[in-house]
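Engineer: Would you mind keeping the following structure in view while I ask a few things?
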Amino acid sequence: MTQPKELSLRRRAAERVLETAAGLVNRARLRAGPAAVADLALLESQHAAYVELHRRFTERAQAGDGGLQSALDALDAMWQMIRQLRAGAPAVLQTLSNEAVVERRARFYLESTRLLEDAIRSVFASNLGQLAIPPARMAVLVRVALEGLVVELAQARNAADVATVDQAYTDFRALFERSVLHEGPAVEPIALEPIALPW
Amino acid sequence: MRYERVHIQAIEIVIPPIEVTTASLERMLGPLFRRIGVQDGVLAALTGVAARRFWPDGALTSDGAVQAARKLLETHAIPPDTVQALINTSVGKDYLEPPMASLVAGDLGLGPHCLNFDVSHACLGFMTGMLNAANMIELGQIESALVVAGESSRTVTQGTIRKLLQPGVDFRTFGENLATLTLGSMGVAALLVHERRSRHGHRLLGGASRAATQHSRLCLGTQTEMKTDAPTLLREGVDLAERTFADAQKELRVAVPDVKEFVLHQVGKANHDALVQRLGLPPDQTLRLYPEYGNVGAAGVPFTLATAVARGRIGSGDLAMLLGIGSGLNCTMLGVRW
């Protein structure tokens, strides 16, 4: 069993890696040199942060601490991770559009969506029948919303712009809190169709 | 291809003694199901497989083939020294060497002049083994050949369960490994003979084979796991089967109404339904054994043929068409006048 102190150390280390990667991208851009390596570092550190969050919240769900509050905490933790990217904000947009890292970026989206789906299944394991939309699509929705906030944050030029993005997150969180679960009884599970098997 | 002198003298099966239900596998996977939010009953609902059989712990894969062959020789009073070739066609292997056929021939005490070798052709193995035996008989090289297959799913199923219970396994990984949990175990043997030796007149007519090896990497299996692109494999397999079926009908000059029973490789509900629909087969003329026994690899087609005969679905003089598909992809369709 992972001890709380160890958890906290691991979390702080992940945050530091993310901040460093964001700073690296910025410096590489300022020097106008090839930034692909720094872009990759940023994507890798973002991926590592997703893995860490996934681990933290699935362990928490397995310990019996799942449900809506746990999901909101996870959302907040992801938002905190995005806010830390602020250090490298001017470069993030370029990282997202850098053709040299297109394959890694596609893989990052795929892997982060997969981690999100698994975390949603874990956190809402006892409420799956009440989820407003299925876990796979919910994962895409959350990922798209968060990446949208990353882009908005990257374009923020002053404190007022940042405050607008903060408010957007707060509103998204409130919508999520109100609508992620149906009220009332669980809806009927979708009928299972037979699947293809190898010959 | 057409054969004039090849008959099926006998076919026997040995069903492994231990039934393992899909519900019991789901109970073992309970911790994973609860963690990833999968409901009980999902495995059977998705695959149509409700149970499979295991050999006792410690049994070799070749043991199933040996038991089936021994049963055939004893039941039909075939002296072992009259068998001139033994072809093992199992997907599973006990060792890289010796050939499984040598293990089986040795255990049966077949004579020093009995050719023995393995045919490795995935789930199509048994039918390819029958073709090899039939070719030798038709050419006059031999008069009697045993074709055998023993399959065992215990190791791969248990390995998959262990893997799925590891921390960090997610819904997608579960989905990727689901097919492995449909595998079953079985032992089968068939004796093919020259018409001079035939006692019952069950004639192997011939048929057609086709390959689509551009799809050879859609299903990669090892001793402990199987990685597949099952939807593509299903689609391409059904396409290949349709073309092979057309070839076989032309070669044998037969049509669907002439056929009493279509003996299909047993995989799962979606695959079976897709084949029946695409080939335009009458659903009540295709026996489904996968619900109780799962996918028993190379043993699937002969197991289904023997069961159809035992249940009276195929009688003397009836035409049966055997359809096998194997990873690779390869497909063979053979006609038998029983």
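Read-outs throughout are calculated quantities, based only on the coordinates presented, and are distinct from any laboratory measurement. This structure is a prediction, so every number in the text was calculated from the model and none was measured. Ideal geometry is used to build each Cβ from the backbone, glycine not excepted, and the neighbour counts take in all protein chains shown.
Engineer: Give me the Debye-computed log₁₀ of I(q)/I(0) at q = 0.06, 0.08 Å⁻¹ for the protein assembly as shown, equal point scatterers on Cα only, no solvent, two decimals.
Structural biologist: -0.41, -0.65
Engineer: Between A:Thr164 and B:Arg34, take the C-beta separation as r, use R0 = 45 Å, and let me know the FRET efficiency to the nearest 0.05.
Structural biologist: 0.60
Engineer: Would you kindly work out the equivalent ellipsoid of region B:42-126 from its C-alpha gyration tensor and give its semi-axes, the square roots of five times the eigenvalues, largest first in whole Å?
Structural biologist: 28, 15, 12
Engineer: For region A:90-134 and region B:210-269, what is the separation of their Cα centres, given in Å?
Structural biologist: 37
Engineer: Kindly work out what percent of the DSSP beta bridges joining two residues of chain B are antiparallel, to the nearest 5.
Structural biologist: Around 75 percent antiparallel, to the nearest 5.
Engineer: Here's something else I'd like to know. Can you tell which of B:His200, B:Gln266, B:Ala241 lies farthest toward the positive end of the dipole of region B:188-274, using +1 and -1 charges on the Cβ of basic and acidic side chains (Lys, Arg; Asp, Glu)?
Structural biologist: B:His200
Engineer: How big, on average over all directions, is the shadow cast by the Cα convex hull of region A:45-197, in nm²?
Structural biologist: Over all viewing directions, region A:45-197 projects a mean Cα-hull area of 10.9 nm².
Engineer: Over the C-alpha atoms of region B:203-337, what are the Rg and the largest Cα-to-Cα span, Dmax, in Å?
Structural biologist: Rg, Dmax (Cα atoms, Å): 14.4, 43.
Engineer: May I ask you to work out the translational diffusion coefficient for chain B at 4 °C, viscosity 1.567 mPa s, via Stokes-Einstein with Rh from the Kirkwood sum over Cα pairs, reported in whole µm²/s?
Structural biologist: It comes out at roughly 64 µm²/s.
Engineer: Using 7 Å Cα-to-Cβ label points, what is the B:Lys227/A:Gln155 separation (nm, one decimal)?
Structural biologist: 4.0
Engineer: Which value, in nm² and rounded to one decimal, describes the direction-averaged projected area of the C-alpha convex hull of region A:111-165?
Structural biologist: Orientation-averaged projected area of the Cα hull: 4.5 nm².
Engineer: Any number yet on Rg/Rh for region A:50-110, C-alpha, Kirkwood?
Structural biologist: Answer for region A:50-110: 1.10.
Engineer: If I fit a long axis through the Cα atoms of helix B:154-164 and take the longest principal axis of the Cα atoms of chain B, what angle between them do I get, 0 to 90°, rounded to 10?
Structural biologist: The angle comes out near 20 degrees.
Engineer: Additional query: As an exercise, use a Förster radius of 60 Å and the Cβ-Cβ distance of A:Asp171 and B:Ser316 to find the FRET efficiency, rounded to the nearest 0.05.
Structural biologist: 0.15
Engineer: Okay, moving on. Using Cα springs under 10 Å in a Gaussian network model of chain B, which residue among B:Arg172, B:Arg278, B:Arg53 shows the largest mean-square fluctuation?
Structural biologist: Top of the fluctuation ranking is B:Arg172.
Engineer: Now for a separate question. What does the charge count around B:Ala10 come to, taking other residues whose C-beta lies under 13 Å from its C-beta (Lys +1, Arg +1, Asp -1, Glu -1)?
Structural biologist: +2
Engineer: Further, regarding this structure: Say R0 is 25 Å: what FRET efficiency, to the nearest 0.05, do A:Val51 and A:Val102 get from their beta-carbon distance?
Structural biologist: FRET efficiency, A:Val51 to A:Val102: 0.70.
Engineer: Going by alpha carbons, how many degrees (0 to 90, nearest 10) lie between the helix axis of B:269-279 and the longest principal axis of chain B?
Structural biologist: Here the helix axis deviates by roughly 50 degrees.
Engineer: Another question, if that's okay. Against the longest alpha carbon principal axis of chain B, how many degrees, from 0 to 90 and to the nearest 10, is the axis of helix B:61-75 turned?
Structural biologist: With rounding to tens, the tilt is 40 degrees.
Engineer: Dividing the Cα convex hull volume of region B:186-249 by residue count, how many Å³ per residue is that?
Structural biologist: Given the Cα convex hull of region B:186-249, per-residue volume reads 151 Å³.
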